[in-house]
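Notes for the one structure printed next.
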Amino acid sequence: MRRRTLLAGIGALSTGCLGARSPQPSSTQSQTGASEPPTSTARPPCVSGTETPSTDSSDESATDGEYRLSGLSESTNTDGPAVTYVLEASAFYSGDAVERKAERTGEEQVVTDISAVSDDEVRDAIETAIRTGSWRSNTLPDGLAETVSRVDFFIGVSVDDTYTHIGLELYRLHPDQPPAVEFSAAIVDDTVSDESPGAIELKLTNRSSTTQTVFSGTVPPFGMVFAESGEGDDEFLLWRKYEEEGCVNFTEDSWMRCDVGKLTELQPCQSVTRRYEVLPSVTTRHPEYTVPPGPGTYRITDSLTYYEESGAPESELSFEVRFSLDAVR
């Protein structure tokens, strides 16, 4: 009996390197019939959505500004697959593990030797996916979708002595569709003063008709946000209560961040917004990191990945935000 559930779930918390995992291209997919690969769906108009509000707003009004924020601009790039069909290895089992799976589930596991696949194009696609991790094409060989749907594990290809039984998953993508997840930024408080910080908001919106999962650093979804000077190597940390939202710890002379990643689910048309403060020079909140070096132009750059289904190809969203800090004293 053909299994339809992907085996590569990563759960609610995944270990990684400084909040990142190796990016893989992606697009959106959804399951269809047993003989067809998953396919992406059309985008809804998203005239309204559920927004996660910012939590770090200040009610104080500025009386003597130190800086003025201005000239914010943003640019984004989404790197996803440029092909319509992707076949990927999704399960790696030993022969004994396959038998245990059959006993545990009570379902027959269909195992096929690659030599029994008679069609050359179908066999070549399967061998490529197993040996390299994925097969990608704009055309689908006749019989490939049916074969992958019918067979749970292929043998006779893997050179691994342990994981001899490989399961595959076929995805149908629409690379010409707009990206599912959009990024935007805005100045929401343009005055940095002793009484009140300035603030910038970063926002992600799911413009697709299916749930998208965003993989990011330990403080989701944007991590710790640093602004780099456009005139040199200086930078400063835009402030948020990072220690309350992720595995971040400030000490007297340094800060530490756990090498883990977290997942943020975005429902169709949902947005998540985070507010980040530009603190004044008199702040006591870790001024060695949070006080701007001085007036000038700054930029925020980062990237994150998202996907519709665990184990499916990913898209990588890169963004850059530029703004100016103008001295007003």
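The values are calculated or read from the model by the stated rules, or taken from the named source; none is laboratory data. As the structure is a computational prediction, the values presented were derived from the model and not from experiment. Note: ideal-geometry Cβ built from the backbone for every residue, glycine included; neighbour counts use all protein chains shown.
Restricting attention to region 217-231, does a residue exist that is under 14 Å from residue 274 (Cα atoms), among the β-branched types (Val, Ile, Thr) and surrounded by 17 or more Cβ atoms within 10 Å (Cβ to Cβ)?
Yes, some residue in region 217-231 is under 14 Å from residue 274 (Cα atoms), among the β-branched types (Val, Ile, Thr) and surrounded by 17 or more Cβ atoms within 10 Å (Cβ to Cβ).
For (1) more than 14 Å from residue 199 (Cα to Cα); (2) touching a residue at least 60 places away in the same chain (Cβ under 8 Å), each residue gets a yes or a no:
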| position | (1), (2) |
| --- | --- |
| 257 | yes, yes |
| 261 | yes, yes |
| 270 | yes, yes |
| 279 | no, yes |
| 287 | yes, no |
| 290 | no, no |
| 293 | yes, yes |
| 297 | yes, yes |
| 301 | yes, yes |
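Yes or no: residue 161 more than 30 Å from residue 267 (Cβ to Cβ) and surrounded by 15 or more Cβ atoms within 10 Å (Cβ to Cβ)?
Working: more than 30 Å from residue 267 (Cβ to Cβ): yes; surrounded by 15 or more Cβ atoms within 10 Å (Cβ to Cβ): no.
Here the answer is no, as residue 161 does not meet what is asked.
Just to check your reading of the model, which residue among 104, 136, 131 is more than 30 Å from residue 306 (Cβ to Cβ) and either at pLDDT 95 or above or surrounded by fewer than 18 Cβ atoms within 10 Å (Cβ to Cβ) (or both)? Show your work before the answer.
Working: 136 fails: more than 30 Å from residue 306 (Cβ to Cβ); 131 fails: more than 30 Å from residue 306 (Cβ to Cβ).
Among 104, 136, 131, only 104 is more than 30 Å from residue 306 (Cβ to Cβ) and either at pLDDT 95 or above or surrounded by fewer than 18 Cβ atoms within 10 Å (Cβ to Cβ) (or both).
Picking from 200, 166, 187, which residue would you name as being within 30 Å of residue 270 (Cα to Cα) and either among the polar types (S, T, N, Q) or crowded, with 21+ Cβ neighbours inside 10 Å (or both)? Give the derivation first.
Working: 166 fails: within 30 Å of residue 270 (Cα to Cα); 187 fails: either among the polar types (S, T, N, Q) or crowded, with 21+ Cβ neighbours inside 10 Å (or both).
Unique residue meeting the criteria: 200.
More than 27 Å from residue 69 (Cα to Cα) and in contact with a Ser or Thr (Cβ under 8 Å, 6 or more places away or on another chain), is that true of residue 315?
Working: more than 27 Å from residue 69 (Cα to Cα): yes; in contact with a Ser or Thr (Cβ under 8 Å, 6 or more places away or on another chain): yes.
The answer is yes for residue 315.
Does region 260-274 contain at least one residue that is touching a helix residue (DSSP H, G or I) at 6+ places or on another chain (Cβ under 9 Å) and at pLDDT below 95?
Looking through region 260-274, none of the residues is touching a helix residue (DSSP H, G or I) at 6+ places or on another chain (Cβ under 9 Å) and at pLDDT below 95.
Out of the residues in region 315-329 meeting the condition of being surrounded by 22 or more Cβ atoms within 10 Å (Cβ to Cβ) and within 21 Å of the chain's Cα centre (by Cα), tell me which one is modelled with the lowest pLDDT.
315
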